[in-house]
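Undergrad: This is the structure I have questions about; it appears just below.
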Amino acid sequence: MTATDQTIAEQSAAVSAGMAAQAPAEIVDAFAAERAGLDAAGLPAGIAAAGTPMPDGHLLGVHGEATTLAAARGSGPAVVVFYRGAWCPYCNLALRTYQQKLVPALAAKGVALIAISPQKPDGSLTMQETNELTFTVLSDPGNQIAGQLGILTAPTERARSAQSALGLDLAATNADGTHALPMPTVVLVDGGGAIRWIDVRPNYATRTEPQQIEDAVTAAFG
């Protein structure tokens, strides 16, 4: 895996530019309109606040083994990243960057990194293997945790048509057969299971930068 000195924002801009140059105009326009709509709508009401308990659910590991977030986290603090799926180029570059730039810093502070998506376990395994991730990657069938956090969304009809044109059947990819997705979100959970910090990105082309996460961890735990 080739390391990069670029920020996630810079990498995301390159992905968007590459798609604009290569994909049919109607597909590019569909995704651009979707992102513009997400920007206009902003943060949804009712997002879980710092100081409240981190929700949990019946999760699956990369080989389909049953687990929970509490079990994966253990008794220590964790940074929990919600992403859309292995099919999402912005998710791939974000998790790859977290592996390169964030994992060592978190390990030094005894903070785990856990990534969660609604996709089937084989998608989680693909994400883990493709990007050489050393941290835990879990599937949340039905977006149990994302739903309780208040960060759920779904593609527009036009965006779903564009996904289909690119060969993506989101309902077949998601473990529960729906089109529901979490907004890309990073949550800092303390050892007692409480949310200490949460950053929600309605526009999936934008992500929390590693330095922002490091700063939140330092502010919470020193």
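The values are calculated or read from the model by the stated rules, or taken from the named source; none is laboratory data. Because the structure is predicted, anything quoted here is derived from the model rather than measured. Neighbour counts run over all protein chains shown; Cβ positions are idealised from the backbone, glycine included.
Residue by residue, here is whether (1) crowded, with 18+ Cβ neighbours inside 10 Å; (2) over 23 Å from LEU106 (Cβ atoms); (3) in contact with a helix residue (DSSP H, G or I) (Cβ under 8 Å, 6 or more places away or on another chain) holds:
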residue	(1), (2), (3)
THR4	no, no, yes
VAL15	no, yes, yes
GLY42	no, yes, no
GLY51	no, no, no
ALA70	no, no, no
GLY76	no, no, no
ALA86	yes, no, yes
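Undergrad: Based on what the data block shows, is THR134 in contact with a His (Cβ under 8 Å, 6 or more places away or on another chain) and β-branched (Val, Ile, Thr)?
TA: no
Undergrad: May I pose another question? Give region 139-175 a look and list any residue that's in contact with a helix residue (DSSP H, G or I) (Cβ under 6 Å, 6 or more places away or on another chain) and either on the phi > 0 side of the Ramachandran plot or not in a helix (DSSP H, G or I) (or both), or say none.
TA: Correct list: SER139, LEU152, THR156.
Undergrad: For SER124, are the conditions met, namely being surrounded by 23 or more Cβ atoms within 10 Å (Cβ to Cβ) and under 24 Å from ALA14 (Cβ atoms)?
TA: Spelling it out, it is not the case that SER124 is surrounded by 23 or more Cβ atoms within 10 Å (Cβ to Cβ) and under 24 Å from ALA14 (Cβ atoms).
Undergrad: If we scan region 155-176, do we find a residue that is closer than 18 Å to VAL81 by Cβ, modelled with pLDDT of 95 or more and of a type in the set (A, V, I, L, M, F, W, C)?
TA: Yes, because at least one residue in region 155-176 is closer than 18 Å to VAL81 by Cβ, modelled with pLDDT of 95 or more and of a type in the set (A, V, I, L, M, F, W, C).
Undergrad: Say whether the condition of being in contact (Cβ under 8 Å) with a residue 12 or more places away in the chain, under 16 Å from PRO182 (Cα atoms) and either in contact with a strand residue (DSSP E or B) (Cβ under 6 Å, 6 or more places away or on another chain) or among the basic types (Lys, Arg) (or both) is met by at least one residue in region 59-77.
TA: Yes, the conditions are met somewhere in region 59-77.
Undergrad: To continue, here is another question. Just the residues that are aromatic (Phe, Trp, Tyr) and either over 30 Å from GLU157 (Cα atoms) or not in a loop (DSSP other than H, G, I, E, B) (or both), please, taken from region 176-215.
TA: Answer for region 176-215, where residues must be aromatic (Phe, Trp, Tyr) and either over 30 Å from GLU157 (Cα atoms) or not in a loop (DSSP other than H, G, I, E, B) (or both): just TRP197.
Undergrad: Could we say that LEU152 is out of contact with any Ser or Thr (no Cβ under 7 Å at 6 or more places or on another chain), over 15 Å from LEU69 (Cα atoms) and either modelled with pLDDT under 95 or surrounded by 18 or more Cβ atoms within 10 Å (Cβ to Cβ) (or both) here?
TA: no
Undergrad: While we're on this one: Within region 14-119, which helices (runs of 4 or more DSSP H) (wholly inside it) include 2 or more residues that are of a type in the set (A, V, I, L, M) and farther than 20 Å from VAL189 by Cα?
TA: 25-41
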